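Since the structure comes first, as structure tokens, the remarks are kept for the end.
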Amino acid sequence: MSTPIQMMPSQPSKKPAPKVQKEDAMWLQKEMINANYHELATAHERGKKVSATFVPGNLNELVMCFDFARSLPETNALQNGMRKKSGKMIMDAERDGQSEDVCTYVKADLGMMLGGEIGPTGEKLPTPDLLLLSYTGCFTFMKWFELVRQKYNCETVMLHTPYQGDGKISQSMRDYVVKQLKESVIPTLERVSGVKFDIDRLRQYMKESARAEDDLVKVLQSAKNRPSPIDGYFGAVYYIGPMFTAFRGTPEATQYYDVLRKEIDARVRDKKGPITPEGELTEEKYRLVVEGPPNWTSFRDFWKMFADEGAVVVASTYAKVGGVYDLGFRHDPDHPLESLAEYCLGCYTNMNFPQRIDMICRYIEEYEADGLLINSIKSCNSFSAGQLLMLREVEKRTGKPAAFIESDLVDPRYFSAANIKNRLESYFQMIKQKRSVAGAAVAAH
Amino acid sequence: MRCFIGIDLGSTTTKAVVIDAQQNVVGRGITNSRSNYDTAAQIAKQEALVNTRFHLFREALAKSGALNGSLEDFLAQLERDFRLEQFLVQLSDLETTSIRNTEGSRFGDASKAVASALTEIFKRLTTEAPELFAPGAKRKSDFFRDIAGSRYLAIGDEVAKQGGVRYDMLCNVFDRSIIEVENRVYGDAISANLLAALDRTFVAMPETASRGDAVREPIKSVLDTALEETYTVGTGYGRARLPFSKEHIRSEILCHGLGAHMMHPGTATVLDIGGQDTKAIQVDKHGIVESFQMNDRCAAGCGRYLGYIADEMNMGLHELGPLAMKSTKKIRINSTCTVFAGAELRDRLSLGDKREDIMAGLHRAIILRAMSILARSGGIRNEFTFTGGVAKNEAAVKALKDLVRENYGELTLNINPESIFTGALGGATFAYRAVVEEGKTVEAR
């Protein structure tokens, strides 16, 4: 999902031997991501079919049962964003007729296609053989694949996930998704791949998933410690990488999360703060909960604005877009299809406003956060809508201060560093001021 | 005397406020921010300290009773004379600098002619200078660049025509020289200028000359009092340029919140419209910020919008409000883009709409943007305090009053005549608290 190597100033430029040590999990993650791009690039020459699917509600375990190489367009876009390649792609897509207001993930992807599908690592990515549209909360996903299909004329299968408008998953919703899996998704996967579906293979992958999910949750929840050993937003981007993309269900992912958890456990024992691009954070001054994805094109600068002020994100909703495992969900090998349905239905992007608000309030309380920060995404109409309402409700319920900034996913033109820094600093000082007033009030009694 | 200083380094102007050990405001200073925050901060501070001297003169002279009955007139005259002295010192510097800038090969054969034209221009400028500072004289601006610039260009035009010198050469010399001159700080000249001004004042007000010594004595003793810069707090966009540690820096949100509270202790909601920011701030009964919202991504609807319009209309910024107040007809102008508003303005003019009606529409457009940011921050609560440079504009205030009444009903609207100094006052109050309440000492950067 990202390239931790450039982000770790203490790292030597040569790869160290893969021994278990402090940054091993991150090294491992980079190797995995790069390996997947290589696998994708060579899939067709190795006689493998290629599927493309989205992160929220992705059916990785199922897709693996049919030997597909797996591409995730959002991840490609954000990888291109982090590697400073998305700006040109977006402009190319705009020249091709996409308007300025269209989701910039979409435009980065379309721009990449126009540029000959050269992927983030420089290798040419293959044309997908199948578009698996798991429709979870984002209407744009559907339009996105419509455009891709138009261009490549490839097979498409849709899994429609009903929205949790009432804040709960009913049996009929579950049945509806399972029915689609049985009647439409699995038969299409079989036909395109030529591989027969084997439910035991799915169960085996799911066993791996559940183990890795346990470890991921432990890692994310380690932020309840003071100081937090991780950054639950910027750092979590690395931690969720394998889980949310093409690796969930593989033994490599299980191993990755095992290494990661041990590493973080050690940091907890040593009472160490998170590692940031600028080195280890030694003094934790602010603990925040963040809603909304980070900006990818200025990821490091953005993180630095927090780290410089001693601000640590202890929990973020973004680290849950590919599964809200911390609220209890696990892939269940005993009920494979039902569990896939449950997974898709339970995605953060498929939750309604009261659920999102509840989750944030819960994080503020459980992680002893100082407040909520929303990074609202300019080009994401479906997800940014209602965020101000959420902010106000969270403020009201928790009594903790909240702040709102705006940037974009992968359009470098929409990251105004001076303004964002200005607002962030104001927010941190506001927290500090409120805290000192509260402290004085306590002292006075 | 201990002075607690707040400096607000805004995008358009830089303001400074001095408060004494009893938290009384004793001095205010303002200057244009130029492109050099270091100088702007120094000059604003110096202006505020000069203003502090005048404050002390008033106190000392009131106590001595030497000017019974004519104290205010005397001080007003003294201040005008002081400004004149200051102007003349800078003018003479500008002349020397300009002549120096004609040397070399830039103007070729014309060098001599340009130099003698300059001598003539400055002769006339010096001769007419006292008129510029006469009682009741109207100036478009109080900043040296603006006063000297507009007169230089007007006189330069005449001189060029009469002397057969190219006007553009004269403009070129001015542009080059004014930057040098406005970036010099004339700290040493203050006492000398004041004493010279005093002589002028005695001439202008002969009836006071008879009491010369009784007046001179308290003034001299004030001039001998050292103004100790006990602690300075900086805020605004240029804050990082101040030669102090982070401890001396506060976000403008906090400063505006506290400053508004100091001016009007009943303040609950603050609206600040500055050059490039619009801030809506909610404060508690102690002036502590509870939440805030600012314009994001775009500064249409801020002070600069008016600046741009003033340029388009070839008017002074301060002339816009009075013109708009003459409006008799409502005209709707968009507020989403400053440049578009300029186009709309031309379109309206070509359709035959009156300038004052268009101006009123523009002012309303700004306030409509502010209303939306206020709504984002949680709405307007009683009392409501409007600050920033735009609060000085009567047409903007009128539009705000109308819209507040329409949307929130009747509530107390505070507009302080010194509202442009709100952020600096907040800063000065923080400086006072740092020393008196927290026992802090000055930390260098």
*Among the residues of segment B:276-325, count how many are more than 9 Å from chain A (Cβ to nearest Cβ), closer than 18 Å to residue B:258 by Cβ and assigned to a loop (DSSP other than H, G, I, E, B).*
2
_For segment B:139-188, give me the residue count where each residue is in a loop (DSSP other than H, G, I, E, B), free of Cβ contacts under 8 Å to residues at least 60 places away in the same chain and more than 18 Å from the chain's Cα centre (by Cα)._
4
*Determine the pairs where a residue that is at positive phi, located within segment A:54-83, has a partner that is of a type in the set (S, T, N, Q) with Cβ atoms under 7 Å apart, the partner being 6 or more residues away or on another chain.*
A:57/A:134; A:57/A:136; A:57/A:161; A:67/A:193
*Tally time: how many residues in segment A:183-234 are under 19 Å from residue A:69 (Cβ atoms) and aliphatic (A, V, I, L, M)?*
6
*asked:* Being without any contact (Cβ under 8 Å) to a residue 24 or more places away in the chain and within 13 Å of chain A (Cβ to nearest Cβ) is the filter here; which residues of segment B:228-266 pass it?
replied: B:240, B:246, B:249, B:251
*Limited to segment B:423-445, what total is found for residues that are in a helix (DSSP H, G or I) and either hydrophobic (A, V, I, L, M, F, W, C) or at pLDDT below 95 (or both)?*
11
_Need the failing condition index for residue B:262 against (1) modelled with pLDDT under 95; (2) not in a loop (DSSP other than H, G, I, E, B), just the number._
(1)
*Consider residue A:282 carefully, then state whether it is over 30 Å from residue A:132 (Cα atoms) and assigned to a loop (DSSP other than H, G, I, E, B).*
yes
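It is to be established whether one or more residues within segment A:366-378 are in a helix (DSSP H, G or I) and either away from every other protein chain (no Cβ under 11 Å) or not aromatic (Phe, Trp, Tyr) (or both).
First, pick out the residues of segment A:366-378 that are in a helix (DSSP H, G or I): A:366.
Adding the requirement that they be either away from every other protein chain (no Cβ under 11 Å) or not aromatic (Phe, Trp, Tyr) (or both) leaves A:366.
The answer is yes; a qualifying residue exists.
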*For segment A:393-445, name all the residues that are outside any helix (DSSP H, G or I), among the acidic types (Asp, Glu) and within 9 Å of chain B (Cβ to nearest Cβ).*
A:406
*Output the residues belonging to segment B:202-244 that are β-branched (Val, Ile, Thr) and out of contact with any Phe, Trp or Tyr (no Cβ under 7 Å at 6 or more places or on another chain).*
B:203, B:215, B:225, B:235
*Taking segment A:92-146, which residues are part of a helix (DSSP H, G or I) and among the polar types (S, T, N, Q)?*
A:104, A:140
*Considering only segment A:328-358, how many residues are assigned to a loop (DSSP other than H, G, I, E, B), small (Gly, Ala, Ser) and crowded, with 17+ Cβ neighbours inside 10 Å?*
0
*So, of the residues in segment A:175-230 that are β-branched (Val, Ile, Thr) and part of a loop (DSSP other than H, G, I, E, B), which turns out to be farthest from residue A:132 (Cα to Cα)?*
A:230
*Specify which of the listed residues (A:96, A:101, A:92) is surrounded by fewer than 24 Cβ atoms within 10 Å (Cβ to Cβ), under 18 Å from residue A:293 (Cβ atoms) and not aromatic (Phe, Trp, Tyr).*
A:101
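The values are calculated or read from the model by the stated rules, or taken from the named source; none is laboratory data. Please read these numbers as outputs of a predicted model, since none were measured by experiment. No Cβ is skipped: glycine too gets one built from the backbone with ideal geometry, and neighbour counts run over all protein chains shown.
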